[in-house]
């Protein structure tokens with residue numbers, strides 16, 4: 001009896017060991033390079049040795065090239081930083097990569113009402129996207145900036161002070177709002193957002209917009225401090241377009257060409273939301289000679305893509321806003337701090353407007369200089 005039990009246990013262990021061994025060969029069988037995984041943990045332990053996951057990914061990109069694979073536990077992850085392949089995954093071949101790899105902010109399945117437009121997939125994502133997009137149209141953005149005094153007060157408080165906890169509590173009040181008198185409910189789409197869906201969209205817009213924009217502005221001021229000649233050009237543009245402390249509006253900030261270049265260059269060097277640019281392959285396909293099996297997660301190494309010297313030139317690691325004045329098509333495809341394709345960040349236009357207005361208000365009054373006690377990080 002004991003011998004039979006031992007035989008069964010040995011058989012189970014052997015099968016498990018064989019399965020783990022085969023799983024570790026996943027990318028090797030596809031002729032895709034990558035760091036060798038361990039049987040039980042994949043490449044998880046190697047990533048834990050770094051300060052963050054994407055530090056390991058960037059090192060692996062340098063070591064294995066613009067297309068490589070690693071195992072996140074038992075899940076295969078394909079990492080790409082080839083601009084043509086990125087465009088295929090995010091834009092041209094979107095039907096095979098429509099699902100985003102994410103975790104819902106609130107518990108519940110991705111098909112429930114407790115999911116936002118960022119996390120949703122399939123029909124629910126398409127519906128939420130269609131119903132949410134009009135809120136970020138140019139006309140709606142102009143309404144947001146209708147009162148300069150309110151905008152100035154709320155914008156700078158939001159950007160420069162962490163107020164998520166305070167504003168999160170106010171979201172609960174949305175449950176008591178009456179949406180029946182809202183004319184946007186019965187539109188051409190013939191769809192209606194439920195109260196729960198409205199709350200979820202408000203939460204994700206708040207969480208996704210506050211910290212990303214404020215962090216980007218922090219990087220902007222840091223870089224302009226390091227490059228005072230760029231700060232002087234920006235200040236001159238602000239003074240020319242908004243003399244005497246004139247208030248910025250959504251229409252007037254369109255003339256801030258250099259300010260937009262500064263923001264874009266900052267987001268190129270420091271893409272604050274880089275880790276969310278990833279998709280799940282829904283159907284086995286081949287892109288640029290690389291076979292991507294169904295269910296594989298595809299992650300874009302945005303940091304490496306944004307500093308690719310083949311695209312941005314030998315000065316790719318330098319802060320040079322003017323590179324966006326006459327950027328070519330390849331640069332446009334390679335600049336993806338907001339993602340790309342149908343699932344590009346829905347609030348991109350709003351974020352750019354907010355940051356432009358914030359820069360106007362900041363550089364109307366302040367000049368930044370490096371303290372002699374400061375240490376400049378590379």
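Here are some notes:
- Residues of the range 254-294 that are in contact (Cβ under 8 Å) with a residue 40 or more places away in the chain and at positive phi: 288 alone.
- Test: residue in the range 43-59 that is at pLDDT 90 or above and either under 16 Å from residue 291 (Cα atoms) or touching a helix residue (DSSP H, G or I) at 6+ places or on another chain (Cβ under 7 Å) (or both): yes
- All helices (runs of 4 or more DSSP H) inside the range 20-75 with 1 or more residues being in contact (Cβ under 8 Å) with a residue 40 or more places away in the chain and surrounded by 15 or more Cβ atoms within 10 Å (Cβ to Cβ): 26-29, 53-64
- Residues that are free of Cβ contacts under 8 Å to residues at least 12 places away in the same chain and within 15 Å of residue 358 (Cα to Cα) within the range 244-253 comprise 246, 252, listed in sequence order.
- Selection status of residue 331, part of a helix (DSSP H, G or I), without any contact (Cβ under 8 Å) to a residue 40 or more places away in the chain and surrounded by 13 or more Cβ atoms within 10 Å (Cβ to Cβ): yes
The values are calculated or read from the model by the stated rules, or taken from the named source; none is laboratory data. If you're wondering where the values come from, they're calculated on a predicted model, not measured in any experiment. Heads up, the Cβs are rebuilt from the backbone with ideal geometry, glycines too, and the neighbour counts pull from every protein chain shown.
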